[in-house]
1. Could you run through segment 84-111 and say how many residues are assigned to a loop (DSSP other than H, G, I, E, B) and within 14 Å of the chain's Cα centre (by Cα)?
2. Which one is surrounded by the most Cβ atoms within 10 Å (Cβ to Cβ), of the residues in segment 16-57 that are among the aromatic types (F, W, Y) and under 11 Å from the mean Cα position of the chain (by Cα)?
3. Select from segment 80-104 the residues that are buried (at least 17 other Cβ atoms within 10 Å of the Cβ) and of a type in the set (G, A, S) and list them in ascending order.
4. Among the residues in segment 69-78, are any within 17 Å of V12 (Cα to Cα), in a loop (DSSP other than H, G, I, E, B) and touching a residue at least 12 places away in the same chain (Cβ under 8 Å)?
5. When only residues in segment 112-124 that are open to solvent by less than 20 Å² (accessible area, probe 1.4 Å) and of a type in the set (A, V, I, L, M, F, W, C) count, which is nearest to the chain's Cα centre (by Cα)?
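The values are calculated or read from the model by the stated rules, or taken from the named source; none is laboratory data. Bear in mind that the values here come from a model prediction, so they are computed numbers and not experimental data. Cβ coordinates were reconstructed from backbone atoms using ideal geometry, including for glycine residues, and neighbour counts include every protein chain displayed. We work out accessible area using only protein heavy atoms, side chains counted, and drop any ligands, DNA or RNA first. Shrake-Rupley method; radii C 1.70, N 1.55, O 1.52, S 1.80 Å.
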Amino acid sequence: QVHLVESGGDSVKAGGSLRLSCLASGDTINKYSMGWFRQAPGKEREGVAAINNIGMTNYVDSVKGRFTISRDNSKNTLALQMNSLKPEDTAMYFCAADSQYFLRSLDSRVFDYWGQGTQVTVSS
C-alpha cells in the first residue's frame with residue numbers, strides 16, 4: 001500500500017497563499033487518482049480537489065479559481081496551490097489516494113489511503 005505524508009501547512013493572513021505538498025512512498029502515484037480533503041473542528045470532512053491519472057481535475061465550488069491541484073508522477077508528489085486564502089479555508093488538510101485511477105471524485109468514501117494531515121490556519 002501507499003504511504004502519504006503532507007507538508008506545507010502554516011498560519012497566514014487572509015489573502016495570502018500556501019502550497020501544500022504530499023509525498024508518497026511504497027508505491028507510485030501514477031497508479032492512483034489523488035485528492036485533497038479538509039476538515040475543520042466540528043465539521044464534516046470535505047473534498048477540496050481531485051485529479052485523475054490523466055490530469056483531469058475537479059474542485060469544490062468554494063475554491064474554484066483560487067486553488068490548483070497538480071501531480072508530479074516522476075517525483076511521486078501531489079500539490080495544492082492555495083491563493084487568496086479566506087478564514088473559512090482554515091482546516092486540517094489531508095492527502096488521499098484512490099486505486100480507481102480513472103476517477104476524480106470528491107467523495108472521501110472512494111479513497112483508500114490517507115495521510116496524517118497538515119494544518120492550515122487563515123486569520124482575518
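1. 6
2. W36
3. If the condition is that a residue be buried (at least 17 other Cβ atoms within 10 Å of the Cβ) and of a type in the set (G, A, S), then A91, A96, A97 are the ones that fit.
4. No, the conditions are met nowhere in segment 69-78.
5. Looking at the filtered set, the residue picked out is V120.
Results for (1) touching a Phe, Trp or Tyr at 6+ places or on another chain (Cβ under 9 Å); (2) part of a loop (DSSP other than H, G, I, E, B); (3) of a type outside the set (V, I, T), shown as yes or no for each residue.
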site: Q1; (1), (2), (3): yes, yes, yes
site: V12; (1), (2), (3): no, no, no
site: S21; (1), (2), (3): no, no, yes
site: A24; (1), (2), (3): yes, no, yes
site: G35; (1), (2), (3): yes, no, yes
site: R38; (1), (2), (3): yes, no, yes
site: P41; (1), (2), (3): no, yes, yes
site: G47; (1), (2), (3): yes, no, yes
